[in-house]
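Read through the structure below, which is laid out as structure tokens, and then see the notes.
Please treat every number below as a calculation from the coordinates, not as lab data. Just so we're clear, the structure is a prediction, and the values are computed from it rather than from any experiment. Cβ coordinates were reconstructed from backbone atoms using ideal geometry, including for glycine residues, and neighbour counts include every protein chain displayed.
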Amino acid sequence: MTRVWMLPALLVLSGAVLATGSALRGAPVMAAVILLLFVLFAGLNSPLVFPTPVSAAEARRRSATDGRPVVYWRPGCTFCLRLRLRLGRDASRLHWVDIWRDPAGAAVVRAANGGDETVPTVVVADRPHVNPDPAWVRAQLPPPA
């Protein structure tokens, strides 16, 4: 199992353990609710919620061509999840780089943040912005063609 799936797997496993305990105590409805909540939270923290990541080099190349921002993120980051969810459908118009899958992307984030891997880091016109407001990111998108 890769590192990006560790948190979702741990959440599902924890939910299963808690749900089993509730079921054994005679509360099957509560067990189902607990399991459902943990599975939902695991899904929100999985790479499935984010658009398909590209490499840092590919994201820079695409951004130079179409002018769209590049978002450096990692699974399990609540601030990245907030950005993704608040962007809604516009999230697919950005170039997403998973820093856990791409060492070059992690290096870009460390260079922009004084050695820290603080995400989300959004690069617009070669300028990094750490944890920007989603409305601001949406305003940086070029108009749809």
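Some values worked out for this structure:
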| quantity | calculated |
| --- | --- |
| Residue match in region 120-129 (condition: part of a helix (DSSP H, G or I) and buried (at least 21 other Cβ atoms within 10 Å of the Cβ)) | no |
| Top-ranked residue in region 84-104 [being closer than 22 Å to Pro142 by Cβ and either of a type in the set (Ser, Thr, Tyr) or touching a strand residue (DSSP E or B) at 6+ places or on another chain (Cβ under 7 Å) (or both); ranked as surrounded by the fewest Cβ atoms within 10 Å (Cβ to Cβ)] | Ser92 |
| Output for region 69-104, where each listed residue is farther than 20 Å from Pro8 by Cβ and of a type in the set (S, T, N, Q) | Ser92 |
